[in-house]
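K.L.:
The structure is given below, and queries will be raised subsequently.
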Number of protein chains: 2
Amino acid sequence: MQRCISSLSFSDPLAEKIRAAAEAGFEGIEIFREDIVGFDGTPGDIAALARTSGIAITSLQSLRDWEGSPDDRRTWCDTQAARFLDLSVRLGAPLLVVCANTRADTLADPARAAADLARLADMAAERGLKIGYEALVTSTHVKTYATAWDIVQRAARPNLGLVVNAIHTFAADAGLEGLAHIDMARVFLVHLADAPTTRIDPRLMTESFRLLPGQGNLPVAALYASLLARGYTGPMSMEIFNDQLRALEPALIARDAMRAYDLLEDRMAADGAALSAVERVAFIELVCGGQEAEALAVLLSAMGFAKTHAGAALAAYAQGEITILLNRAETGLAHSLYLMQGLGVASLGLQVSQMAPFAKALEPGAKAGGHDLALVRGPGGSAFYLLDKPLPETALFRRALAPVKGAGTGGGLTHIDHFAQALVPNLFLSALLFYRAIFDFRSESQRDVLDPHGTVHSRVVANDDGSVRLSLNSSLSAGTSTTRFLEKAGYAAWHHFAFATADIFAVAATLPQAQVLQMPPNYYDDLNLRFDLPAPLVERMRGLNILYDRDGSGEYFQLYTRAINGLFFEVVQREGYAGLGAPNAGVRMQAQSREYEAQHALDMF
Amino acid sequence: MQRCISSLSFSDPLAEKIRAAAEAGFEGIEIFREDIVGFDGTPGDIAALARTSGIAITSLQSLRDWEGSPDDRRTWCDTQAARFLDLSVRLGAPLLVVCANTRADTLADPARAAADLARLADMAAERGLKIGYEALVTSTHVKTYATAWDIVQRAARPNLGLVVNAIHTFAADAGLEGLAHIDMARVFLVHLADAPTTRIDPRLMTESFRLLPGQGNLPVAALYASLLARGYTGPMSMEIFNDQLRALEPALIARDAMRAYDLLEDRMAADGAALSAVERVAFIELVCGGQEAEALAVLLSAMGFAKTHAGAALAAYAQGEITILLNRAETGLAHSLYLMQGLGVASLGLQVSQMAPFAKALEPGAKAGGHDLALVRGPGGSAFYLLDKPLPETALFRRALAPVKGAGTGGGLTHIDHFAQALVPNLFLSALLFYRAIFDFRSESQRDVLDPHGTVHSRVVANDDGSVRLSLNSSLSAGTSTTRFLEKAGYAAWHHFAFATADIFAVAATLPQAQVLQMPPNYYDDLNLRFDLPAPLVERMRGLNILYDRDGSGEYFQLYTRAINGLFFEVVQREGYAGLGAPNAGVRMQAQSREYEAQHALDMF
């Protein structure tokens, strides 16, 4: 199978698309007519550019509204076909894609369509070319690959074959069973694309809602595996028409499309979803300096963290299974981040069961930086260090940190329950694919949270047992907490970490209220509208600014710290509850918005 | 009928929502629980705020998943209901909205649902309140107003009535005929919302795709007219859950929601769409200065415009029915615009058949500026001057301009064919509503154009005979021509005007090619793939950089001038063709992008 991509999956000029696809390792690129128009050179120059870039031209796209045309259009159709075929020759494209006719005046006659395509195939044969015939859910008569296959068989030309299109197959609800009746040697090309749902108009879905496999919810992996299992060895092409994806740089689109192929391969190898090799968060690395560093140390101490290890510019704070590294270095990568963004998360350390699944994603040369940790770059450049041994056994830890004598570790926090990443909107889908393809995380469906200044889109991803679980958050609105945070903290920044405890009331009792995000009083009256809770419990929560939720399987208690430079912590007590407290995210954002605006008002004096 | 709005149609804190709704003239606002949570005060304070703002509280939203619950939830349901009713009292909300149960465990027993609602109504009656029962397409059993009405009738309580919801009615395909069987006095509330289509999952549609009436394509106007015709006199409420709308300021949302009501009224009065009173573009006012002013004068002259009138800081250039006013004033509003944005369009003058339809939209005090033109502010503050007499008869024209002797008027351009406005994404729907509601324009469906750097969404609006026709353009991508233009030219700027001619080849022959946007050579090869054109015609077009399109009814020829500060002109020859040449918009953007980048490269030296 050859991995290919369609030129219309990218924006930017054609030369950049070709280079980006080649550099990402694609074997072929399909060239759309629409992309030749603006190219500054001849079709032969495009062929030469592809050749020097090391990528094949898979096909010319696309002859449309052609077969089965009424007699009065037939002369023009043949002229047009000859021109397309001549262009294919000049372009060095061995295959011309013919999309099934969508015109209302198409003759409802498979024999006529077959005769037309046979004639076209003969014209192509004279030029040494092949024809690929593609069913479209939006075609007048040929909506499924089974119907197209019938016509291809009638035409009976060896250089005429089928183009199987995933998204049109799903939109037509055509099923995969029929692939068993098709000679895979006569499938000349496969178009891959995912979508969020099929519960949408087929034209809208196929024209505007396409996603990369792994970004949507359709059974692209099953189609992929089925074709390969039946012996398909030809080209496959990612054909993604999507405004949000096209807004990314060509290099990012190509990288994500390649990741989508890797994900399809992983799923096939694992016969379903692969298990994640990510086991737990080994550390959170925070960069800080000045007064904020003092404020952070006070907050961590108040939460029960003890400084267990210290070095020249690094200190480790620990509690239960949680380790926070405070980096105050005045040189290096983390310091650069501090200069740009102020206090924040520089990296996450992830304990992994094996390194092999990450081999393709590792940043080359990361270990040359004086430590022994492997680096993976996530969405927006966010850094993940992978550890295949415990943190204290790493050279980084042993060299940079010495134990602090008499450090207590008696806090009530046990482990990281979950955490959250804020993303600029264009990276949301790219991030989802990263966590699915590189970390083999599962994902939940999207939720919308009402911030007082707009809507925040949120989606949870996690490893198999949920021990590493994070929410991805993005917002188009200007004033939301997610957008505010991103204004100071880059493209994809960690805005919050939730720590688990067995007794949130005990933790809250020792945490000064000055450190705690204050809930609006009406929140507790509203709780009484939602749940039948004992009045004393509600009053206790009110006094400590603890939030509450309940689902079918249990209860959930939460509290938030005040933010430092936008970053905040959460303490949660989970009693069988499955979620992340999403019904409370709106009121949390309201409370943060209020604090932010109060702070902002002070700034004006 | 009382015009109301739901608090969840806005973002921002509740107090701002209430003030914005009151200032826009709404009679009532529905208060959602979710909005009370973050309010800094008691429910009584909300009631007081509404009172002092001069707006009624229409309802408390919403008691959910309540009626028909299994026995083991019944005690809690009654407790919960009492708490909601007590809150309604404190809030001063005369009506509590009960949304039909969506839980899987709801009993499939209308008699039980009726008994529950009767009990609830009795509890409400003790407090002097009413209950409104609302069918949801997403409810387990009660998906249509007809089913809900059956339950309300069974319950037989005078203070229990129906809430009719437009979007849930359309999503359930419930039809309007059943309204004939409902006693309008027992409809306590109507929820209005539009949507782009019903060809989408009902949950997605009702939760995320809502639009204001006039922004979508559903028969909200028919529902509105039908209810009023049957004697409905109660409150109606705009209940719009939509991320893109919520990103606007509360004052803009409230103004647009009020416009949506006006549009519904207009349509009812006109028994369908009202005829537009906008007849033609009377003038285009350009602000300019310095070298750009010289460049513009040269371009206009090359296009055949003659300076027909001149004044101290104003000059009129005319040709056929087209008048361009060049404003070089160094004081005043237009000059402020020039200082901010450089050369550009300051206003459009529109000839109207009558002023009455615009009465509500007129900017007060506009005529005090020393002229006699009425001003309407469009999307993003764009200025429209309305003329109910010919331009030369206006005081503005007579005072500021004197005829230029011997000015020729022999150019080949006859009138303005169409023009185009670029909009920041958040204003796209607001603009659509403006043109529909204030100018009574018709609208075509949305098109996506592929710019080399992303996607541009485009939608055409026009008066009834198409003599005033413009496209609205918006893009989420950073580098598109639309986005580039908006970076220098505000929120909603005019980026191009197309002038009609009977002979584009004659116009092109006199226009120096240095003024013409150069098409990529491959465009003309591609034309041969699309159309069966005589080779000499294609070569003639190639030599003059003329573009071509054809549709079912005729042919279309176009050429573009180079841009000055992003603004450009187009010359079109229309031979029965209906569209605006959308298939050529992509290549035009490519050519502009190339020019922009070449210019940008020069800037670096």
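K.L.:
Please state the charge dipole magnitude for chain B, taken about the Cα centre, from unit charges on C-beta atoms (+1 on K and R, -1 on D and E), reported in debye and rounded to the nearest 20.
P.N.:
For this selection, approximately 720 debye.
K.L.:
Of B:Ala118, B:Gly231, B:Cys77, which is farthest on the positive side of the dipole of chain B, counting Cα position, with +1 on Lys and Arg Cβ, -1 on Asp and Glu Cβ, and the Cα centre as origin?
P.N.:
Selected residue: B:Gly231.
K.L.:
Follow-up. About its Cα centre, what dipole magnitude does segment B:2-269 give when the only charges are +1 on Lys and Arg Cβ and -1 on Asp and Glu Cβ, stated in debye to the nearest 20?
P.N.:
360 debye
K.L.:
Continuing with this model, one more query. Rounded if a/c is under 1.5, else prolate if a/b beats b/c, else oblate: with a ≥ b ≥ c from the C-alpha gyration tensor eigenvalues square-rooted, which is segment B:2-269? Intermediate values should be presented prior to the final figure.
P.N.:
Values: a/c = 1.55, a/b = 1.14, b/c = 1.36.
Judged from the Cα gyration tensor, segment B:2-269 comes out oblate (a/c at least 1.5, b/c at or above a/b).
K.L.:
Can you work out ³J(HN,Hα) from phi for every residue in segment B:325-336, in order, using Karplus 6.51 cos²θ - 1.76 cosθ + 1.60 and θ = phi - 60°, giving whole Hz and x for Gly and Pro?
P.N.:
Along segment B:325-336, the couplings run 9, 9, 9, 10, 4, 9, 9, x, 5, 4, 5, 4 Hz.
K.L.:
Relative to the longest principal Cα axis of chain B, at what angle does helix B:14-23 sit, 0 to 90 degrees, rounded to 10?
P.N.:
70 degrees
K.L.:
Evaluate the relative contact order of chain A (contact order divided by residue number), counting alpha-carbon pairs under 8 angstrom at least 6 apart; express in whole percent.
P.N.:
Relative contact order comes out at 10 percent.
K.L.:
Quick one: 3J(HN,Hα) in Hz for segment A:340-348, Karplus 6.51/-1.76/1.60 with θ = phi - 60°, rounded, Gly and Pro as x.
P.N.:
7, 10, x, 3, x, 8, 8, 6, 10
K.L.:
Now, a different point. Can you list the distances in nanometres, one decimal and ascending, from the B:Arg399 label point to the identical position in each other copy, with the point 7 Å along Cα to Cβ?
P.N.:
Ordered by increasing distance: 8.0 nm.
K.L.:
While we're on this one: Can you list the copy-to-copy distances for B:Asn217, using a point 7 angstrom from Cα toward Cβ, in nanometres, shortest first?
P.N.:
2.4
K.L.:
Can you list residues whose amide H is under 5 Å from A:Lys130's amide H, if they're 5+ apart or on another chain and H is modeled 1.01 Å from N?
P.N.:
A:Leu95, A:Leu96
K.L.:
A follow-up question, please. Search the structure for amide H atoms under 5 Å from the amide H of A:Leu547, placed 1.01 Å from N in the peptide plane, and list their residues when 5 or more places away or on another chain.
P.N.:
A:Gln558, A:Leu559
K.L.:
Calculated from DSSP H runs of 4 or more alone, at -39500 (n - 2.57) each and per residue, what is the 222 nm mean residue ellipticity of the protein assembly as shown, nearest 500?
P.N.:
Working: 40 runs with 422 residues, N = 1210.
Taken over the protein assembly as shown, the calculation gives -10500 deg cm²/dmol.
K.L.:
Among chain A residues, which Cβ is nearest the axis of the A-onto-B rotation, and at how many Å?
P.N.:
Closest to the rotation axis on chain A: A:Ile200, 3.
K.L.:
Then there is this: Tell me, A:Ser62, B:Ser276 in order of fewest to most beta-carbon neighbours within 10 Å?
P.N.:
A:Ser62, B:Ser276
K.L.:
Let me ask something else about it. How far, in nm to one decimal, is A:Asp71 from itself in the other copies if the label point is set 7 angstrom along Cα toward Cβ? Shortest first, please.
P.N.:
7.8
K.L.:
I'd like the Kirkwood hydrodynamic radius of chain B, using the inverse of the mean 1/r over distinct C-alpha pairs, in Å.
P.N.:
26.9 Å
K.L.:
Sequence-distant or interchain residues sharing an amide H contact under 5 Å with A:Phe441, placed H: which?
P.N.:
Amide H neighbours of A:Phe441, under 5 Å, 5+ apart: A:Arg436.
K.L.:
When the chain is fully extended, how far beyond the present Cα-Cα distance does B:Ala229 get from B:Thr52, taking 0.36 nm per residue of separation?
P.N.:
60.3 nm
K.L.:
So how strong a dipole does the protein assembly as shown carry about its Cα centre when Lys and Arg Cβ are +1 and Asp and Glu Cβ are -1, to the nearest 20 debye?
P.N.:
It comes to approximately 740 debye.
K.L.:
What ranking do A:Met184, A:Met258 get, fewest neighbouring Cβ atoms within 10 angstrom at the top?
P.N.:
A:Met184, A:Met258
K.L.:
What FRET efficiency do you get for A:Met1 and B:Ala82 if R0 is 51 Å and r is their Cβ-Cβ distance, rounded to the nearest 0.05?
P.N.:
0.20
K.L.:
Output the 0 to 90 degree angle, nearest 10, between the alpha-carbon long axis of helix B:585-603 and the longest principal axis computed from the alpha carbons of chain B.
P.N.:
70 degrees
K.L.:
Along the charge dipole of chain B, which of B:Leu14, B:Ser475, B:Val97 sits closest to the positive end, that is, farthest toward it, with unit charges on the beta carbon of Lys, Arg, Asp and Glu (+1, +1, -1, -1)?
P.N.:
B:Leu14
K.L.:
Counting other beta carbons within 10 Å of each Cβ, put B:Cys288, B:Cys4 in order, fewest first.
P.N.:
With the fewest neighbours first, B:Cys288, B:Cys4 line up as B:Cys288, B:Cys4.
K.L.:
When the C-alpha atoms of the protein assembly as shown are aligned to their principal axes, what extent does each axis show, in angstrom, from largest down?
P.N.:
Cα extents, longest axis first: 90, 68, 63 Å.
K.L.:
Charges on Cβ only, +1 for Lys and Arg, -1 for Asp and Glu, centred on the Cα centroid of chain B; of B:Leu176, B:Pro390, B:Ala582, which one is farthest towards the dipole's positive end?
P.N.:
Selected residue: B:Pro390.
The numbers here are math on the coordinates, done by the rules we state, and not lab data. Since the model is a prediction, treat every value here as computed from it, not as a measurement. When we count neighbours, we look across all protein chains shown, and the Cβ atoms used for this are built from the backbone with ideal geometry, even at glycine.
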